[in-house]
Amino acid sequence: TTPARLARAIARLKLATLLAGFRGQPAADTDALLAAACALGDRFVALQPAVSELEINPLFVHVRGSGRVVAVDALLTS
């Protein structure tokens with residue numbers, strides 16, 4: 001998927017309100033989120049069929065401009 005398509009998908013989520021900054025909280029770095037998601041998606045496709053499933057939970061997206069997205073835990077299934 002393309003970054004633009006992924007950005008539209010994220011914008012439709014209920015979570016988009018939180019990412020934009022909610023109740024005085026700073027906005028999240030959605031550019032870093034998109035970059036990480038696209039890179040991870042590309043890597044996942046490259047690893048097929050050896051890897052059939054990828055789960056990340058939780059994923060922390062830091063404040064806009066930080067360039068930081070941190071996957072705390074991940075599970076790969078083959």
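The values are calculated or read from the model by the stated rules, or taken from the named source; none is laboratory data. Everything numeric here is computed off the predicted structure, so don't read it as measured data. FYI the Cβ positions are ideal-geometry reconstructions off the backbone, even for glycines, and counts take in every protein chain you see. Just the protein is used for accessible areas: all its heavy atoms, side chains included, with ligands, DNA and RNA removed. Shrake-Rupley method; radii C 1.70, N 1.55, O 1.52, S 1.80 Å.
Send over a whole-number figure in Å² for the accessible area per residue of the chain, probe 1.4 Å.
74
In percent, how large is the relative contact order of the chain, given Cα pairs closer than 8 Å and 6 or more residues apart? Kindly include the intermediate steps, with their values, before the conclusion.
Numbers: 94 pairs, mean separation 22.3, N = 78.
Relative contact order of the chain: 29 percent.
Give me the percent of accessible area attributable to carbon and sulfur for the chain, probe 1.4 angstrom. Write out the running numbers ahead of the final one.
On the way: 3360 of 5760 Å².
Carbon-and-sulfur percentage of accessible area, whole number: 58.
Enter the angle in degrees (range 0 to 90, nearest 10) between the Cα long axis of helix 30-47 and the first principal axis of the Cα atoms of the chain, meaning the one along which they spread out most.
Long axis of 30-47 versus the principal axis of the chain: about 0 degrees.
Between Ala27 and Asp73, how high is the FRET efficiency from 1/(1 + (r/R0)^6) when r is the Cβ-Cβ distance and R₀ = 30 Å? Nearest 0.05.
For Ala27 and Asp73, the calculated efficiency is 0.75.
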